[in-house]
Amino acid sequence: MKIKCVLCRRESDRMQRFKMSAEARKLHEDLYPGMSSDKVFAENGLCSDCQDLPAGKRWALAEKALNALTEEYRRELIRERYEKLLNRN
Ligand SMILES: [Zn+2]
């Protein structure tokens, strides 16, 4: 399975996978109910290029990536609700 870098979204062979702590898993489940944290973390990693970035730059990329993910999830929720509404008629 191809792994995508969470920061630059490129696919790479030299990828460090995330290890999720119990606290992080709980936080993820609270933030995104129904979204499998295992799946998200299996498909995402951090490439060596991004790992080598200075911390400030890495945080800026991380913030951008997190906003995009939240936005994507929000859109997905809205889409689901609309589909439910449309199917009711
Ligand atoms: Zn990267």
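The values are calculated or read from the model by the stated rules, or taken from the named source; none is laboratory data. Bear in mind that the values here come from a model prediction, so they are computed numbers and not experimental data. Neighbour counts run over all protein chains shown; Cβ positions are idealised from the backbone, glycine included.
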Item to check | Selection status of residue 21, touching a residue at least 24 places away in the same chain (Cβ under 8 Å) and of a type in the set (S, T, N, Q) | outcome: no
Checklist outcome for this item: Taking the stretch 49-77 and keeping only residues that are surrounded by 10 or more Cβ atoms within 10 Å (Cβ to Cβ) and either among the aromatic types (Phe, Trp, Tyr) or not in a helix (DSSP H, G or I) (or both), one is left with 53, 59, 73
Checklist entry - Going by the structure shown, is residue 10 on the phi < 0 side of the Ramachandran plot, exposed (fewer than 15 other Cβ atoms within 10 Å of the Cβ), in contact (Cβ under 8 Å) with a residue 12 or more places away in the chain and over 12 Å from the mean Cα position of the chain (by Cα)? => result yes
Next on the checklist: For the stretch 47-64, check the following and say yes or no: at least one residue is among the polar types (S, T, N, Q) and within 16 Å of the ligand (Cβ to nearest atom).
Outcome noted: yes
Next on the checklist: Just to be sure before I move on: is residue 46 assigned to a loop (DSSP other than H, G, I, E, B) and surrounded by 13 or more Cβ atoms within 10 Å (Cβ to Cβ) in the structure I sent?
Outcome noted: no
Next on the checklist: When you check residue 30 against the structure, is it part of a helix (DSSP H, G or I), of a type in the set (Asp, Glu) and within 13 Å of the ligand (Cβ to nearest atom), yes or no?
Outcome noted: no
Checklist entry - For the stretch 32-50, what are the residues that are modelled with pLDDT of 75 or more and in contact with a helix residue (DSSP H, G or I) (Cβ under 8 Å, 6 or more places away or on another chain)? => result 32, 35, 37, 50
Checklist entry - Can residue 80 be described as more than 11 Å from the chain's Cα centre (by Cα), at pLDDT below 85, surrounded by 11 or more Cβ atoms within 10 Å (Cβ to Cβ) and of a type outside the set (A, V, I, L, M, F, W, C)? => result no
Item to check | In the stretch 14-26, the residues that are assigned to a helix (DSSP H, G or I) and either touching an Asp or Glu at 6+ places or on another chain (Cβ under 9 Å) or modelled with pLDDT under 80 (or both) | outcome: 24, 25
Next on the checklist: Contact list please: Cβ distance under 7 Å, first residue in the stretch 62-75 and under 27 Å from residue 52 (Cα atoms), second residue surrounded by 14 or more Cβ atoms within 10 Å (Cβ to Cβ), pairs at least six apart or on different chains.
Outcome noted: 62/7; 65/6; 65/7
